[in-house]
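A.B. asks: For reference, the structure I am asking about is given below.
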Amino acid sequence: MSRRLEESLRRIDRKIKKLEAIERRDPLLHNSSSVTNTDNKSGDTLIAGLSSAASLTAGNLVFLNSSKQWTKASAGNGSDGGNEHLIGIALTSTPHNSGILTTGLYNLNTSLVSGSSGTFDIGKQVFMSPDTSGSFTTIIPSGSGEDVRVLGHAVDVTIIYFNPSGDYIEI
């Protein structure tokens, strides 16, 4: 084998090792520029449950109830709102078949972002909405009987980095 060929193979081998090291360090890279359209997502998907409640749409905040049915979550419904349940973002109207986003980025329809503008305050924590089941808000729930559960952070006006806390506080 020629010296030139050997050196080329060594360079390629070093580049491969560098790429493998990067992949081991950062296997779950989520890039907000990859979720530019409504209902685009980048993250982990879970398929579970036996059924889904009627009137679910892609982007709804949902929880898995004791009957193994996905239903809309709400900060205003106590234990019936998903405060202590497995929670995620529905990928379609039938999350028991197509799955939910459990962690990652999701570009929400503005109708699912509570508030007068239908947009998030970038960088702020995102919570379950106490007013509209299945929706999100950057306003901390504060009414009597409402639950405060951090769902993630707003990385753009309609994009959430969804990384829900398992903890909640009832007001």
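A.B. asks: Treating only the Cβ of Lys, Arg, Asp and Glu as charged (+1, +1, -1, -1), what charge dipole size does the chain show about its Cα centre? Round to the nearest 20 debye.
C.D. replies: My answer is approximately 1140 debye.
A.B. asks: Using the Cβ atoms and a cut-off under 13 Å, what net charge is assigned to the surroundings of Ser66, where Lys and Arg are +1 and Asp and Glu are -1? Kindly include the intermediate steps, with their values, before the conclusion.
C.D. replies: Working: positive: Lys68; negative: Asp80, Glu84.
Charge balance near Ser66 sits at -1.
A.B. asks: I've got another one for you. State, as an integer percentage, the relative contact order of the stretch 37-76 based on alpha-carbon contacts under 8 Å between residues 6 or more apart.
C.D. replies: 36
A.B. asks: With a cut-off of 8 Å between alpha carbons and a minimum separation of six or more residues, what is the relative contact order of the chain in percent?
C.D. replies: Taking the mean separation of contacting Cα pairs over the length of the chain, I get 20 percent.
A.B. asks: Still on this structure, I have one more. Taking the full set of protein chains and a 1.4 angstrom probe, give the accessible area of Tyr161 in square angstrom, rounded to the nearest 10.
C.D. replies: Result for Tyr161: roughly 80 Å² accessible.
A.B. asks: Counting each pair of different Cα atoms once, what's the Kirkwood radius of the chain in Å, rounded to one decimal?
C.D. replies: Evaluated over the chain, this radius sits at 17.3 Å.
A.B. asks: Considering the options Thr158, Leu105, Val126, tell which one lies farthest towards the positive end of the dipole of the chain, charges being +1 on Lys and Arg and -1 on Asp and Glu at the Cβ, about the Cα centre.
C.D. replies: Looking along the dipole axis, the top candidate is Leu105.
A.B. asks: Would you check the accessible area of Lys124, probe 1.4 Å, heavy atoms only, in square angstrom rounded to 10?
C.D. replies: Surface open to solvent at Lys124 totals about 100 Å².
A.B. asks: Determine, for each peptide in 147-153, 102-108, 40-46, the mean count of other beta carbons within 10 angstrom over its residues, then list the peptides with the highest first.
C.D. replies: Listed from highest to lowest mean packing, they are 102-108, 147-153, 40-46.
A.B. asks: Do the alpha carbons of any pairs in Lys18/Lys124; Lys68/Lys124; Lys41/Lys68 sit beyond 26 Å of each other, and which pairs?
C.D. replies: Over 26 Å apart, Cα to Cα: Lys18/Lys124; Lys68/Lys124.
A.B. asks: Let me ask another. For Gly81, what is the net charge nearby, where nearby means another residue's Cβ is under 14 Å from its Cβ and Lys, Arg count +1, Asp, Glu -1?
C.D. replies: In short, -4.
A.B. asks: Net charge within 13 Å of Thr102 by Cβ-Cβ distance, Lys/Arg positive one each and Asp/Glu negative one each, not counting Thr102 itself?
C.D. replies: Once all neighbours under 13 Å are counted, the net charge is 0.
A.B. asks: Continuing with the same structure: In nm, give the distance between the simple-model label positions of Thr110 and Ser98, each being 7 Å from the Cα along the Cα-to-Cβ direction.
C.D. replies: 2.3
The values are calculated or read from the model by the stated rules, or taken from the named source; none is laboratory data. As the structure is a prediction and not an experimental result, all values here were calculated from the model. Every residue, glycine as well, gets a Cβ built from its backbone with ideal geometry; the counts of neighbours run over all protein chains shown. When the accessible area is computed, the model is the full protein with side chains, heavy atoms only, and any ligands, DNA or RNA have been set aside. Shrake-Rupley method; radii C 1.70, N 1.55, O 1.52, S 1.80 Å.
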